[in-house]
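The values are calculated or read from the model by the stated rules, or taken from the named source; none is laboratory data. No experiment lies behind these values; they were computed from the predicted model shown. With ideal geometry, Cβ positions are generated from the backbone for all residues, glycine too; neighbour counts draw on all protein chains shown.
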């Protein structure tokens, strides 16, 4: 709803934000269909973000029927099991898992579309040729992705790589040489040539930390992002935010920025963005070095 306050208010008023397995299953399904019909990489970006930041971060299904149901996006959120045993989400968890592979690659008569950057291999019987396309990466923690082609005989076809809309200065190279075709964020980068066994494609997507508003109507309520990943602060320090004129580095679990009054826990759920993104990045790096606080991705922590 345009201008709705529901999302903004929910950050401090509830711990039940998103029915994660069922919601993510539906989202992956509809974005996959829309991507196939439109070939618009926007749907691939959305699919990727939901996959990493919702269902991959859910707690595992327990043998006694306990299941992860709601994601908690409040400022002091946690991960917890649903009270009821065997809720609907216990059935969609395995359904989502089986769909990961059909969300990674797509094809038409003479092209492959790479939607997800995950260690994998896709095999294609194209006419009388057998083509294998192998992908290696540590995405989304690192931005380097490598592909290798194996084919029973040379084949001319297009390989399309999804370039996320958030990517800055992405680069694509074939056999060590930068491609001449445009590499634009928010689109598929198309590489068409005669492929033979041993050909390599290298994709570089810089993983920069950034802030993104939760919606257009609350530009100062932001998510901390790295690539497609939502990050959060994990610390045993009190949830307070102090500011200092003399130091812009993190210390003892507190963020130092230009002097202002101490913020309340409610205000911490909607931090301002008047400081530059570079200031936030430098501050987070300083805090990580001190070991006072960690910023794991949502899908890598199950507390």
Got at least one residue in region 67-88 being under 29 Å from residue 186 (Cα atoms) and free of Cβ contacts under 8 Å to residues at least 24 places away in the same chain? no
Can you name the residue in region 134-145 that is under 14 Å from residue 206 (Cα atoms) and surrounded by fewer than 18 Cβ atoms within 10 Å (Cβ to Cβ) and, of all such residues, is modelled with the highest pLDDT? 144
Qualifying position, being out of contact with any helix residue (DSSP H, G or I) (no Cβ under 8 Å at 6 or more places or on another chain), outside the structural domain of residue 49 (by TED's automatic domain parsing) and over 30 Å from residue 22 (Cα atoms), among 143, 176: 176
Hey, residue 107 hits all of (1) surrounded by fewer than 18 Cβ atoms within 10 Å (Cβ to Cβ); (2) within 19 Å of residue 233 (Cα to Cα) but one; which does it fall short on? (2)
Of the numbered conditions (1) within 19 Å of the chain's Cα centre (by Cα); (2) exposed (fewer than 15 other Cβ atoms within 10 Å of the Cβ); (3) assigned to a loop (DSSP other than H, G, I, E, B), residue 65 satisfies every one except a single condition; which is it? (1)
Restricting to region 195-216, name every residue that is at pLDDT 95 or above and in a strand (DSSP E or B). 195, 200, 201, 202, 203, 204
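One line per residue, one yes/no per condition, for (1) part of a loop (DSSP other than H, G, I, E, B); (2) modelled with pLDDT of 85 or more:
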residue: 84; (1), (2): yes, no
residue: 98; (1), (2): no, yes
residue: 107; (1), (2): no, yes
residue: 117; (1), (2): yes, yes
residue: 122; (1), (2): no, yes
residue: 125; (1), (2): no, yes
residue: 132; (1), (2): no, yes
If residue 119 passes every condition in (1) in contact with a strand residue (DSSP E or B) (Cβ under 9 Å, 6 or more places away or on another chain); (2) under 24 Å from residue 57 (Cα atoms); (3) surrounded by 14 or more Cβ atoms within 10 Å (Cβ to Cβ) but one, which one does it miss? (3)
Answer yes if at least one residue in region 159-169 is surrounded by fewer than 19 Cβ atoms within 10 Å (Cβ to Cβ) and touching a strand residue (DSSP E or B) at 6+ places or on another chain (Cβ under 6 Å), and no otherwise. no
Here the residues within region 150-176 that are over 29 Å from the mean Cα position of the chain (by Cα) and either without any contact (Cβ under 8 Å) to a residue 24 or more places away in the chain or not in a strand (DSSP E or B) (or both) are 152, 153, 154
